[in-house]
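As structure tokens, the structure follows; a few thoughts come after it.
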Amino acid sequence: MTERVAVVTGSNKGIGFATVKGLCQRFKGVVYLTSRDVKRGEQAVSELNKLNLHPLYHQLDVADRDSVLRFSEYLQKKHGGIDILINNAAVANSRDLYNTYEENKYIVDINYKSILTIQELIFPLVRNNGRIINISSDCGHISNVKNEFWVKTLSKKDLTLKEINEFVDWFLDSSKNNTFKKEDFADDGTVVAYRVAKVAVSALTMLQQKELDGKNISVNSMHPGLVRTDMTLGAGFYNADEAAETPLYLALEAPQSLKGAYVWHDRKVRDWYDHKADYYFKTSALRA
Ligand SMILES: NC(=O)c1ccc[n+]([C@@H]2O[C@H](COP(=O)([O-])OP(=O)(O)OC[C@H]3O[C@@H](n4cnc5c(N)ncnc54)[C@H](OP(=O)(O)O)[C@@H]3O)[C@@H](O)[C@H]2O)c1
């Protein structure tokens with residue numbers, strides 16, 4: 001029988017690391033811990049080895065096309081395909097709630113554009129009945145967007161990739177040209193690049209689902225809760241192991257019929273299209 005394979009991106013620390021740990025304990029197959037930095041990845045693997053857990057390792061910088069291609073070719077050759085893919089790698093704004101254009105572009109490249117590269121180079125490896133989980137955020141709910149035109153566009157049931165990319169470029173252009181308006185986003189436009197990237201990821205998830213329906217692959221996006229990791233500078237209500245329960249649930253336990261959904265950390269599906277909901281991220285939570 002073909003050996004089953006699970007891959008978690010950006011898994012040398014935080015929620016990704018905890019997800020690899022959980023998969024090593026519960027998934028019957030091979031689990032890949034990946035990281036952009038080899039040393040940090042190997043350190044993470046040796047931490048798991050101490051717990052008698054044995055993930056395989058491969059370098060993967062999701063924002064580096066050559067790195068994604070190398071990993072894809074390696075997986076193809078070694079396993080012929082994969083069964084679970086958890087797109088976890090991401091960066092957040094620094095301590096500042098507003099960022100420069102260069103910082104915004106960096107965040108968008110890693111958090112959103114990398115998923116397009118992975119879609120092109122790694123999705124074809126996902127076998128029939130496989131599962132893809134895009135780790136989004138409460139920042140990825142449509143209620144983070146307040147600009148009327150973009151709320152309307154992103155709400156279209158026949159939304160296209162071109163339109164999602166236009167949304168992202170509209171924001172990046174406004175950041176470059178200093179025409180960005182705080183009122184176009186929730187919470188006074190704080191951590192806006194992160195919000196834009198994650199909204200794009202959750203919108204993209206539904207398009208990806210349509211593309212992969214024929215292979216009965218499920219693609220869902222999810223919000224892990226506010227979690228005490230380096231990303232939040234230690235603020236949050238959950239630790240990484242607790243937060244990993246949602247991706248683990250989606251990867252291992254959720255019904256295969258759960259498709260194209262936006263899933264909250266209590267495992268409930270939330271209506272992504274409800275732009276009036278207050279599911280958006282509030283920076284005040286960081287001080288709670
Ligand atoms: N923590 C929260 O409260 C929270 C809330 C909502 C959503 N999320 C989402 O949950 C996921 C995990 O976040 P976390 O809190 O665990 O953050 P974290 O502790 O900062 O971990 C992020 C991971 O992504 C990796 N990464 C960053 N850029 C990468 C790249 N170009 N290629 C490969 N890996 C890369 C990091 O590697 P390095 O060590 O090399 O930087 C690190 O391993 C993210 O998608 C995040 O947006 C987190």
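Each reported figure results from applying straightforward, stated rules to the coordinates on display, with no laboratory input. If you're wondering where the values come from, they're calculated on a predicted model, not measured in any experiment. When we count neighbours, we look across all protein chains shown, and the Cβ atoms used for this are built from the backbone with ideal geometry, even at glycine.
Some points to look at:
- Relative contact order computed over the chain (Cα-Cα under 8 Å; 6+ residues apart), in percent: 20 percent
- Span-like helix ranges in the chain, DSSP H, alpha carbon extent 24 angstrom or more, Kyte mean at least -1.0: 192-212
- Springs between Cα atoms under 10 Å define the GNM used for the chain, and in it the highest mean-square fluctuation of Val68, Val20, Val219 occurs at Val68.
- Net length gained if the chain between Thr100 and Lys78 were fully extended (0.36 nm per residue, minus Cα distance): 3.7 nm
- Per-selection metrics, the chain (Cα): Rg and Dmax in Å: 17.9, 57
- Around Gly22: net Lys/Arg minus Asp/Glu count, Cβ-Cβ under 9 Å: 0
- Cα centroid separation, the range 222-288 to the range 100-140 (Å): 16 Å
- For the pair Leu252 and Asp169, label points projected 7 Å from Cα toward Cβ lie 4.3 nm apart.
- A straight Cα-to-Cα reach below 19 Å connects Lys152 with the lysines Lys162, Lys181, Lys182, Lys198, Lys276, residues fewer than 8 places away in its own chain not being considered.
- Shape of the range 132-288 from the C-alpha gyration tensor: oblate (a/c of 1.5 or more and a/b not above b/c, with a ≥ b ≥ c the square roots of its eigenvalues).
- Residues of type lysines that Lys28 reaches as a straight line, Cα spacing below 28 Å, ignoring anything fewer than 8 places off in the same chain: Lys13, Lys39, Lys50, Lys77, Lys78, Lys210, Lys215, Lys259, Lys268
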